[in-house]
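Below you'll find the structure, written out as structure tokens, and then a few comments.
The values are calculated or read from the model by the stated rules, or taken from the named source; none is laboratory data. Quantities reported herein were computed from a predicted structural model and do not represent experimental measurements. Note that each Cβ is placed from the backbone with ideal geometry, even for glycine, and that neighbours are counted across all protein chains shown. Keep in mind that these areas ignore ligands, DNA and RNA; they rest on the heavy atoms of the full protein, side chains included. Shrake-Rupley method; radii C 1.70, N 1.55, O 1.52, S 1.80 Å.
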Amino acid sequence: MSVTIGVQVIPQHGDYEQMKRAWVEADSLGTDRIYNWDHFYPLYGDPNGKHFESLTLQAAMAEVTTSAEISSLVICNSYRNPQLLADMARTIDHISGGRFILGIGSGWYERDYDEYGYEFGTAGSRLRNLARDLPIIKARWEKLNPPPLRRIPILIGGGGEKVTLQIVAEHADIWHSFGDPETMKRKSEVLDDWCARVGRDPAEIERSTTIVRLDGTIRNPDEYLDLGFTDFVVSIQGPDWDLEPLRQALAWRDSL
């Protein structure tokens, strides 16, 4: 079983140079994946604090690192035309040398929608749009010249058992969600059931969860490893993007 450690360098409450240093140091430490998120305003702390856009940052992450895969937890499907998003993903894949993962979800943070002029709709409509757009994204990758450097993996974030996990079963290479072990065990079993319904081998879908969150929640990765989760994420934020929790997670990975 291959275990990976990711760091979610959340682009809030700090300046670019400090954030860039965190990416570079995380990469040098042997981090497997570097993520950000796709919001326009902070979710924690001052709601009007400093914040940067996700996709342009992922391109910068790709340029200044050499080893870690680059992704987001997660891009909001609503914010970009799917054809454009596919092209942006292909471009970042080339910048990274084939290290890009398309992390995507249906979106949920209403302020982002209202402030930037997107239609918020309903949870159901946003999920229907995600299900509609994923095949469009994959079809565009087939048409682009030059094509992506590899078949870009798709990570889908979310835990809705009636719709989201069906979309995961149909389209995802990686599934990311978070919760206590009992909750994640149930959701993982629901995903297995959806895989059976759509004719997918559940072993094809890597399972990812966050073990250190900004709200102070810290989870024991061993409990999730026993449930079949193999990608573990530490979240950090500005102004200093303290990497100590990441170092601890990497030490745990290397002790296995």
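Accessible area per residue of the chain at 1.4 Å probe, in Å²?
Details: 11170 Å² over 256 residues.
Averaged over the residues of the chain, the accessible area is 44 Å².
Just going by the charge dipole of the chain, with Lys and Arg at +1 and Asp and Glu at -1 on Cβ, which of Tyr35, Asn81, Met184 is farthest out on the positive end?
The Cα lying farthest towards the positive end belongs to Asn81.
For a Förster distance of 25 Å, can you work out the FRET efficiency between the beta-carbons of Tyr41 and Tyr16, rounded to the nearest 0.05?
On the way: r = 17 Å, r/R0 = 0.68.
Calculated value: 0.90.
Taking a cut-off of 22 Å between Cα atoms, list the lysines near Lys138, but don't count ones fewer than 8 places away on the same chain.
Within the straight-line cut-off, Lys138 pairs with nothing.
Just to confirm a number: summing +1 for Lys and Arg and -1 for Asp and Glu over residues other than Ile34 whose beta-carbon lies under 14 angstrom from that of Ile34, what do you get? The partial results should precede the final answer.
Details: positive: Lys20, Arg21, Arg33, Arg99; negative: Glu25, Asp27, Asp32, Glu63, Glu69, Asp231.
Result for the local shell: -2.
Please list the equivalent ellipsoid semi-axes of region 104-185, computed as the square roots of five times the alpha-carbon gyration tensor eigenvalues, in descending order and whole angstrom.
Values: eigenvalues 111, 78, 26 Å².
Semi-axis lengths for region 104-185 are 24, 20, 11 Å.
Assuming R0 = 35 Å, what is the FRET efficiency of Gln83 and Asp215, from their Cβ-Cβ distance, to the nearest 0.05? Intermediate results must be reported in sequence, preceding the final value.
Values: r = 36 Å, r/R0 = 1.02.
The pair Gln83/Asp215 has a calculated efficiency of 0.45.
Just add up the charged neighbours of Glu17: K/R +1, D/E -1, any other residue whose Cβ is under 13 Å from the Cβ of Glu17. Write out the running numbers ahead of the final one.
On the way: positive: Lys20, Arg21, Lys50; negative: Asp15, Glu25, Asp240.
Local net charge: 0.
Loop only by DSSP, 12 or fewer other Cβ within 10 Å of the Cβ. Give me the GluC sites (Glu not before Pro) in region 77-122 that pass, ordered by residue number. Working shown, then result.
Numbers: sites: Glu110, Glu115, Glu119; in loops: Glu119.
Answer by residue number: Glu119.
Ranked by accessible surface with a 1.4 Å probe, highest first, in what order do Val24, Val9, Val212 come? Walk me through the intermediate numbers first.
Working: Val24 65, Val9 0, Val212 25 Å².
Order by accessible area, largest first: Val24, Val212, Val9.
Note the full-extension length gain between Lys138 and Thr122 as 0.36 nm times their separation in residues minus their Cα-Cα distance, in nm to one decimal. Intermediate values should be presented prior to the final figure.
On the way: separation 16, 0.36 × 16 = 5.76 nm, distance 2.47 nm.
Gain on extension, Lys138 to Thr122, equals 3.3 nm.
Tell me, what is the percent relative contact order of the chain, built from C-alpha pairs under 8 Å that lie six or more residues apart? Write out the running numbers ahead of the final one.
On the way: 466 pairs, mean separation 59.2, N = 256.
With pairs under 8 Å counted, the relative contact order is 23 percent.
At a Förster radius of 25 Å, what calculated FRET efficiency corresponds to the Cβ-Cβ distance of Asn48 and Asp242, to the nearest 0.05?
Numbers: r = 23 Å, r/R0 = 0.91.
That pair, Asn48 with Asp242, gives E of 0.65.
Please work out, to two decimal places, the log10 of the ratio I(q)/I(0) at q = 0.15, 0.16 Å⁻¹ from a Debye calculation in which every Cα of the chain carries one identical scatterer.
Each listed q maps to, in turn, -1.12, -1.29.
Which part of region 220-248 falls in the paramagnetic zone of Ser2, meaning amide N under 16 Å from the point 7 Å along Cα-to-beta-carbon?
Backbone N within reach: 229-232.
Got a number for carbon plus sulfur as a percent of the chain's accessible area, 1.4 Å probe?
On the way: 5570 of 11170 Å².
That fraction is 50 percent.
When N counts the residues of region 1-88, how does its alpha-carbon radius of gyration compare numerically with 2.2 N^0.38 Å, as a ratio?
Numbers: Rg = 13.4 Å, N = 88, 2.2 N^0.38 = 12.1 Å.
That works out to 1.11 for region 1-88.
Taking a cut-off of 18 Å between Cα atoms, list the aspartates and glutamates near Lys185, but don't count ones fewer than 8 places away on the same chain.
The reachable aspartates and glutamates, counting only those whose Cα sits under 18 Å from Lys185, are Glu161, Asp193, Asp201, Glu204, Glu206, Asp222, Glu223, Asp226, Asp231.
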